[in-house]
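Asks: Questions regarding the structure given below will be posed in turn.
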């Protein structure tokens, strides 16, 4: 009886099973320490299996196939193919097709090896259970966060073990972070053109396997020990009350398009695993290929992978890269289609966070607000509107009000809990660079500055790039604090780019995907501790105040008005009222509705004692008791809704 896809080890024998529906012959290639090639047998339609005695944990292996050769990269027995269900990977050697289709593929520069791993021991995960209103998500990179951390031992820097170091956890706890979102940790490889230029795919959106960890992020030497290190990291975060989310890339693989690398799926069953049209790969990802999620075997692969990371590795949530690519079927794009609904309703995933990047690069690829009730979504319009606000491009009043209130125009009955609000993320300027650079500085990427977004909506702070002018630096610091305050005080889930709380810079590079160096790594020695504490205090204010960070249902009163260069956001319940004043220009005095207003918090201290004075480029929170009478009196404020 077949135990399922992948390698299933016991001390006596190991069963191997793989899907290769179009192959006429399949071989298991044991590479090291045993070197042996064994013909596999057909089990069920498309599936091949073989059992081999006395295989050790740590054995590296792959598959070879023969069959129809419609394209040069298909079904050549000389290709060593990675197991899509492999629990560990080594080698990271990749085959790239040459003009001579009969050349020995193993002599290419990169060939990935699958690794046999022992079965996972039973685990009970003590998962933190934070309400949506308490979610503060910290997006970061496993290697980048700790590679330069002075408290982390050198041998652990840049690893899962390093990420779990007490100093890192202490920093996150100090801030008030309740979930960490890790850029891709699945095994991935570097594109050939990056290697040729001496660079690598630092972000990791170039997946080799959906079950295997990226081994270079482990402190352990043996790939088969990596899962234990990752699980220990997860347990450390759980003990600190922090959820662990991972960024998953199920929309495409590292094999690219026609003529690209042959690592696994192309050589196993190219026309099942990938979407094709008129003899070409359909590419809605910008990476050369798109997985065909309409195929049952592909759906099973994705769902099995998610279950593995939840059950065996302890992961609490997934951020789905280019999630609209997973919504594509024969009848078009449907974010509530078979695969995404299956994921949302899977019993193993029933209480796991599901977060969509709600777009891809294909036709009708912008699907924000169209996902099902179980899904949260990255809110790009929130980022753009807040950037417009603080860069001097006044947004429309209703648009700004909707963004501050959790985007009800987009998410409707799902409420603000569906909105993952962010002002910066891994893709784009850091917050410090957004205030300092008018134009991107991406020449180091080797693409003549053509890569990276040109739509950055940056403010004019007097000069483009580094400055020693005290007035310029002060303005940039005010804008950073104002942006962070707007993010934290708005309704919806807070997503903070790791390093923004300490003033991290990438020196103007807004697409540092290939910069695995000090440009991308967090510089802890230069961290602005004053800003760190300021962010921590701001997040405490949000967590402590019942009118901030609301997730469902409007308060008794909620309006937004424009007074001069300030936006005045009034919010009240029967017990209390808030004025949140976003002053984008010079200091001014605000005219409030009736009430005994007191300054509760401000991003900048105004130069004067006038009670309702707000500082230039600042966010200020005033508070007063609220009564029905005062609520009625406030009706004079014009509402944008």
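Condition check ((1) over 26 Å from the mean Cα position of the chain (by Cα); (2) under 19 Å from residue 178 (Cβ atoms); (3) assigned by TED's automatic domain parsing to the domain that holds residue 407) across all residues:
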residue: 479; (1), (2), (3): no, no, yes
residue: 484; (1), (2), (3): no, yes, yes
residue: 491; (1), (2), (3): no, yes, yes
residue: 506; (1), (2), (3): no, no, yes
residue: 511; (1), (2), (3): no, no, yes
residue: 528; (1), (2), (3): no, no, yes
residue: 533; (1), (2), (3): no, yes, yes
residue: 549; (1), (2), (3): no, yes, yes
residue: 567; (1), (2), (3): yes, no, no
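Asks: A follow-up question, please. For segment 221-250, enumerate the residues that are free of Cβ contacts under 8 Å to residues at least 60 places away in the same chain and either outside any loop (DSSP other than H, G, I, E, B) or farther than 21 Å from residue 165 by Cα (or both).
Replies: Result: 225, 228.
One line per residue, one yes/no per condition, for (1) surrounded by 15 or more Cβ atoms within 10 Å (Cβ to Cβ); (2) modelled with pLDDT of 95 or more; (3) under 24 Å from residue 387 (Cα atoms):
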residue	(1), (2), (3)
609	no, no, no
623	yes, yes, no
630	yes, no, no
634	yes, no, no
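Asks: Restricting to segment 135-155, count the residues that are surrounded by fewer than 17 Cβ atoms within 10 Å (Cβ to Cβ) and part of a helix (DSSP H, G or I).
Replies: Going through segment 135-155 one residue at a time, the tally reaches 2.
Asks: Could you list, in sequence order, all residues of segment 253-297 that are within 20 Å of residue 42 (Cβ to Cβ) and not in a loop (DSSP other than H, G, I, E, B)?
Replies: Across segment 253-297, the qualifying residues are 265, 267, 268, 269, 270, 271, 272, 273, 296, 297.
Asks: Next question. Go through segment 257-282 and report how many residues are under 18 Å from residue 205 (Cα atoms), surrounded by 20 or more Cβ atoms within 10 Å (Cβ to Cβ) and out of contact with any helix residue (DSSP H, G or I) (no Cβ under 9 Å at 6 or more places or on another chain).
Replies: Result for segment 257-282: 1.
Asks: Considering only segment 5-16, state which residues are under 35 Å from the mean Cα position of the chain (by Cα) and in contact (Cβ under 8 Å) with a residue 40 or more places away in the chain.
Replies: Result: 5, 6, 7, 8, 9, 16.
Asks: With segment 491-572 as the region, which strands (runs of 3 or more DSSP E) entirely inside it contain at least 1 residues that are surrounded by 18 or more Cβ atoms within 10 Å (Cβ to Cβ) and modelled with pLDDT under 95? Show your work before the answer.
Replies: Details: elements: 493-497, 557-563, 566-572.
Correct list: 557-563, 566-572.
Asks: Tell me which residues, restricted to segment 160-170, are assigned to a helix (DSSP H, G or I) and either crowded, with 24+ Cβ neighbours inside 10 Å or touching a helix residue (DSSP H, G or I) at 6+ places or on another chain (Cβ under 8 Å) (or both).
Replies: 160, 161, 162, 163, 168, 169
Asks: Another one. Residues of segment 310-334 being touching a residue at least 40 places away in the same chain (Cβ under 8 Å), in contact with a helix residue (DSSP H, G or I) (Cβ under 7 Å, 6 or more places away or on another chain) and over 24 Å from residue 87 (Cα atoms), which ones?
Replies: Answer for segment 310-334, where residues must be touching a residue at least 40 places away in the same chain (Cβ under 8 Å), in contact with a helix residue (DSSP H, G or I) (Cβ under 7 Å, 6 or more places away or on another chain) and over 24 Å from residue 87 (Cα atoms): just 327.
Asks: Which strands (runs of 3 or more DSSP E) does segment 4-95 wholly contain that include 1 or more residues that are surrounded by 21 or more Cβ atoms within 10 Å (Cβ to Cβ) and modelled with pLDDT of 95 or more?
Replies: Because the criterion is at least 1 residues that are surrounded by 21 or more Cβ atoms within 10 Å (Cβ to Cβ) and modelled with pLDDT of 95 or more, the strands (runs of 3 or more DSSP E) in segment 4-95 that meet it are 6-9, 13-19, 25-32, 47-53, 60-66.
Asks: Taking the residues in segment 199-230 that are within 29 Å of residue 502 (Cβ to Cβ) and out of contact with any helix residue (DSSP H, G or I) (no Cβ under 7 Å at 6 or more places or on another chain) as candidates, determine which candidate is surrounded by the most Cβ atoms within 10 Å (Cβ to Cβ).
Replies: If we take residues in segment 199-230 being within 29 Å of residue 502 (Cβ to Cβ) and out of contact with any helix residue (DSSP H, G or I) (no Cβ under 7 Å at 6 or more places or on another chain), then 204 is surrounded by the most Cβ atoms within 10 Å (Cβ to Cβ).
Asks: Any chance you could count how many residues in segment 173-204 are touching a strand residue (DSSP E or B) at 6+ places or on another chain (Cβ under 6 Å) and either farther than 17 Å from residue 218 by Cα or part of a loop (DSSP other than H, G, I, E, B) (or both)?
Replies: 11
Asks: From the list 253, 218, 272, pick out the single residue that is free of Cβ contacts under 8 Å to residues at least 60 places away in the same chain and touching a strand residue (DSSP E or B) at 6+ places or on another chain (Cβ under 9 Å).
Replies: After applying the criteria, what remains is 253.
The values are calculated or read from the model by the stated rules, or taken from the named source; none is laboratory data. Every value quoted in this text rests on a predicted model; they were computed, and no experiment measured them. Virtual Cβ from ideal backbone geometry, glycine too; neighbours counted across all protein chains shown.
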